Amino acid sequence: MAKLVEIIGITHNPFLPGMIAAGGDDPAIAQAGKDYARMRQKMAEAKPDVLVVVASDHLNQWFMDNMPAFSIGKAARAQGPVAHEIHTFRLQPYATDVDVDLAKGLLKEGFREGVDFAYSDEFTIDHAFTVPLSFVRPEMDLPIVPIWTNVIAPPVPPAERFFAVGKALRRVIEGLPTDKRVGVLSSGHLAVEVGGPKRPTYSSDVEFDRRMMDLIAAGEAETVVREATWERLLQAGNVAAGFLNYVLLLGLADGRAPSETNLLFPQKTAAVNLMAWHLHEGGAR
Amino acid sequence: MSRYQVDKTMRQVVLDQQVAAAFRAGPDAFLDGRDLTDEERAALIQLDHRTLYRLGAHPFLLLGFMMATSTGDRAELAAGYSGSVAALGYPDFET
């Protein structure tokens, strides 16, 4: 059976790699650099054979002509980000193999566990994938399985569904007839607004950020699910539904408290956070 | 109202610099044949982001569209954008 060895959730703020690289005097940015370097170390220590990466798409790959709620990439290679993101955010390219066998396994067994994933044989991963991968596995030497979620084009699935899909994904991974060690990396974000009345130069809802990270740290997954309604997310920020990827992780972790979390408020961008379950250390089961 | 068609047009401009150049060079011709209302069409041509926002254009795409079509200082545009839509609140952007 496949073994789930590490679960990490971080932000995919496309400005963060440049901010960390530039240094500067913002202690939150400096700490974010240290935290995400530690996440790289933790994932390496877990010795995964493959990374299942759960992230979103910003209307780059998917659009409302045919919008999947949850989708698996099963082409031989994954690369990104898209050209306009490289230009706008000055991001570095990321390219690696896809574990096609595992992708197909997740897809087929997902059907049996109640998740009708869409799938794709031709795609580009955007910054929601490449930013966390660049932090946690910059070597580009591990195969991945990309799983997209729709958190940007309403109607998006409710938090209950993200939690249930996370739980199903764990059952599927742990039931696959392989001895692979599987790491899960997910990116989302806390309160963020883009293109709305609140300027994206600080958290758009500090209270939301603190409340949700406190609940996650305390293992109060059911409360997170109950409170992360579309209306509350929209109030937190017009694209704050990216938080739902973390709800999927809570399901994947069977609702247990993470081994560690952190929440930072940089001076000039949205909150930076992390949640990690070091399963290979016996943490959180 | 054809919110989806507005979003589709903005996305094409955001994704491809050559498409953005074609839009800037001749927005009337670019929009010909698209299922847009007169108000939507005029707002796209005039880069009237406040009207597009009010009509429920996807805010993420809208900011990208304004950046992609801007010929001025993008930092200045970004700095002034949020305040310019503040009075409009949060229109529904579901297609």
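Only the coordinates and a few stated rules stand behind these numbers; no lab work does. From a predicted model like this one, the values you see are computed outputs, not experimental measurements. Note: ideal-geometry Cβ built from the backbone for every residue, glycine included; neighbour counts use all protein chains shown.
Some points to look at:
- When residues in the stretch A:90-134 are screened for being among the small types (Gly, Ala, Ser) and not in a helix (DSSP H, G or I), 4 of them pass.
- Restricted to the stretch B:1-50, the set of helices (runs of 4 or more DSSP H) holding at least 1 residues that are at the interface with chain A (Cβ under 10 Å from one of its Cβ atoms) comprises B:3-15, B:17-25.
- Pick from the stretch B:51-71, criterion among the hydrophobic types (A, V, I, L, M, F, W, C) and outside any helix (DSSP H, G or I), ranking: nearest to the other protein chains (Cβ to nearest Cβ): B:Ala57
- Any hit, the stretch B:83-91, residues being closer than 14 Å to B:Asp7 by Cβ and more than 8 Å from every other protein chain (Cβ to nearest Cβ): yes
- Within the stretch A:88-104, residues that are under 15 Å from A:Thr124 (Cβ atoms) have Cβ atoms under 9 Å from residues that are in a strand (DSSP E or B) and of a type in the set (S, T, N, Q) in these pairs: A:Pro93/A:Gln79; A:Tyr94/A:Gln79; A:Ala95/A:Gln79; A:Thr96/A:Gln79, counting only partners at least 6 apart in sequence or on another chain.
- Only residues that are more than 14 Å from chain B (Cβ to nearest Cβ) and touching a Leu at 6+ places or on another chain (Cβ under 9 Å) were counted in the stretch A:79-100, giving 4.
- Top-ranked residue in the stretch A:199-217 [being surrounded by fewer than 20 Cβ atoms within 10 Å (Cβ to Cβ) and in a loop (DSSP other than H, G, I, E, B); ranked as farthest from the other protein chains (Cβ to nearest Cβ)]: A:Tyr202
- Strands (runs of 3 or more DSSP E) wholly inside the stretch A:1-88 that include at least 2 residues being closer than 26 Å to A:Glu193 by Cβ and not β-branched (Val, Ile, Thr): A:50-56, A:70-73
- Neighbours by Cβ (under 7 Å, 6+ apart or cross-chain): first from the stretch A:47-66, within 14 Å of another protein chain (Cβ to nearest Cβ); second in a strand (DSSP E or B) and not β-branched (Val, Ile, Thr): A:Ser56/A:Trp148; A:Asp57/A:Trp148; A:Trp62/A:Trp148
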